[in-house]
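This report concerns only the one structure given below.
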Amino acid sequence: MDIKKIFKKGENKTKSDKHYLSGKEVREIAKANSKEMRRLEKEKNRKRPESEYVTSMRDDGNILEIEDLHSYFFTDQGVVKAVNGVSFDIPLNSTVGVVGESGCGKSVTSMSVMRLLQGPTGQIVNGAIRFKANDFKRDKNGEPIPVYEKDENGDIIYDKVLDKDGNVKTDKDGKPLLKPRQKKDSAGLGVYEKEEKVFDIAKTPIHEMYRIRGRQMAMVFQEPMTSLNPVFTIGNQLDEVTLLHIPGADKASAKARSLQMLEMVGIAMPDRVYASYPHELSGGMRQRVMIAMALAGEPRLIIADEPTTALDVTIQAQILELFNDLKTRINGSILLITHDLGVIAEMADYVVVMYAGRIIEKGTAMEIFHNPLHPYTQGLQKSKPTMKSSENELFNIPGNVPNPINMPDNCYFKERCSKCVKKCSGDYPEMIQVSPTHFVACHLYGKEN
Ligand SMILES: Nc1ncnc2c1ncn2[C@@H]1O[C@H](COP(=O)(O)OP(=O)(O)OP(=O)(O)O)[C@@H](O)[C@H]1O
Ligand code: SF4
Ligand SMILES: [Mg+2]
């Protein structure tokens, strides 16, 4: 049952009573939620043809396009619209920063992109998440197609097949058995043909997600110790990614690749770290290992959710530098989630500002930092400490985010805004385009202004 209807029923109660739900009302909400969750779970697990989830990008220059994403949590107190109509793009080879105060839906957006929302309570209810994957091309039996070595005439090179004692195997006529020689990369892993394919992640079946998640897109979390398994060595955990995602990988080639990844993320003694357990490493090293693990599957998109919040400032700077360097090395993009505007200024090409589950402003980093339009973005910037500031006290945006279960119909920022106009009591403001890349949702920038 809609929480607003329940509150409406209790309108004759005192103001404070209106925020109280009786046992009967909680049961009504639970019943309505359970019906909706069952419907969504059934839809999620439905066997569907590829044509329903393989699609095309709106703009070929993007690696990810999120369109009108709605991700909800069905709780006994009502429906939490954690992400409520979010749309933004991530262009190839760029870093997009998502910023906003605690609880505004940053992590739920990233979890939705990875399809890691915990069901049945957490569900993507609506919207599209188009992701351009560069996956192994497969033959009609679903097997990846190897790339073979060719000689100078363009003919495939064949090797003689040996038995376990090293003797050449022959056919029934006594001729040696031959097999085409597969190309190998620098770690000794076989090379396979690849193809670009666009998936609508919101509709992609879970068996396909296993191929995409961890390989095509990978996530780096805030606290590496909670993401690493304390009872396995770093090497074990790194090898597992290669063994799981790269066809034909064996223990030796997986180890070679893990060592390469550790070196790539700037670990000085990769052999020693490979053999260590997570608790034997410092926080900065553990975060580097997490990044190495994310890289092991050769992802095109890295989602980093507060990747430096748990680290001290000098290590923070090193990790951010590493991310900047990796973007060009992997020829991919980064979705960087943080509440730290300083990190965004340092790293992002584009910035998305979220407030209470919605985007209230987005644009290039230049536009958001030099010409912030939304009063909330302006407030966020003012609340950032600077060396030049002559004020004794740091600015803070007054008030709190509205109750996520019972959002108003008008602008969600109204109760905290010092620039309110008459129109602000009306409908939620539309997203207005002020430049080819700069958008804002605020009545101060209506079409007539
Ligand atoms: N499992 C859950 N059940 C119910 N509500 C949830 C759940 N997870 C998140 N939420 C709600 O979704 C909203 C968005 O949460 P989210 O974790 O995305 O915030 P955030 O922007 O990442 O904040 P932070 O900066 O603190 O990490 C919040 O109101 C939160 O209470
Ligand atoms: S729409 Fe009105 S209340 Fe909302 S941010 Fe703009 S000026 Fe403030
Ligand atoms: Mg978060």
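Here, each number is a calculation from the coordinates, and none is a lab measurement. Quick caveat: nothing in here was measured; it's all calculated off a predicted structure. Cβ: placed from backbone, ideal geometry, glycine included. Neighbour counts: every protein chain shown.
For the range 229-290, what is one quarter of the convex hull surface built on the Cα atoms, given in nm²?
Approximately 3.9 nm², given one-decimal rounding.
Taking trypsin sites (Lys or Arg not before Pro) as exposed when DSSP calls them loop (any state but H, G, I, E, B) and at most 10 other Cβ atoms lie within 10 Å, what is the longest stretch of the chain free of them, the sites themselves excluded? Intermediate results must be reported in sequence, preceding the final value.
On the way: sites that count: 15, 46, 47, 140, 164, 172, 388, 447.
Longest gap between qualifying sites, sites excluded: 173-387.
Cross-link list 81/382; 31/106; 150/179; 382/414: which exceed 23 angstrom alpha carbon to alpha carbon?
Going by Cα-Cα distance, 81/382; 31/106 fall outside the 23 Å limit.
Three principal axis extents, largest first, for the C-alpha atoms of the chain, in Å?
95, 55, 47 Å, listed from the longest principal axis down.
Can you tell me, using C-alpha contacts under 8 Å and at least 6 residues apart, the relative contact order of the chain as a whole percent?
The value is 17 percent.
Would you please classify the overall shape of the range 253-339 from the alpha carbon gyration tensor, given that a ≥ b ≥ c denote the square roots of the eigenvalues, rounded means a/c under 1.5, and beyond that prolate means a/b larger than b/c while oblate covers the rest?
Because a/c hits 1.5 or more and a/b fails to exceed b/c, the range 253-339 counts as oblate.
Just tell me which aspartates and glutamates come within less than 15 Å, Cα to Cα, of residue 24; anything on the same chain fewer than 8 places away is out.
Within the straight-line cut-off, residue 24 pairs with 2, 76.
Based on Cβ point charges of +1 for Lys and Arg and -1 for Asp and Glu, what charge dipole magnitude is obtained for the chain about its Cα centre, in debye rounded to the nearest 20? Display every interim value, and only then the final one.
Values: 63 positive and 61 negative charges, 326 e Å.
Using Cβ point charges on Lys, Arg, Asp and Glu, the chain gives about 1560 debye.
Before rounding to the nearest 500, sum -39500 (n - 2.57) across all DSSP H runs of length at least 4 in the chain and divide by the residue total; then give [θ] at 222 nm in deg cm²/dmol. The partial results should precede the final answer.
Values: 13 runs with 134 residues, N = 449.
Taken over the chain, the calculation gives -9000 deg cm²/dmol.
Counting pairwise Cα distances across the range 301-350, what percent come out greater than 13 angstrom?
Tail of the P(r) past 13 Å holds 55 percent of the pairs.
Over the alpha carbons of the range 137-197, what is the largest minus smallest coordinate on each principal axis, giving the biggest first in Å?
Cα extents, longest axis first: 45, 30, 25 Å.
List the aspartates and glutamates whose Cα lies under 19 Å from the Cα of residue 255, skipping any in the same chain that are fewer than 8 positions away.
Qualifying aspartates and glutamates at Cα under 19 Å: 185, 239, 240, 263, 271, 298.
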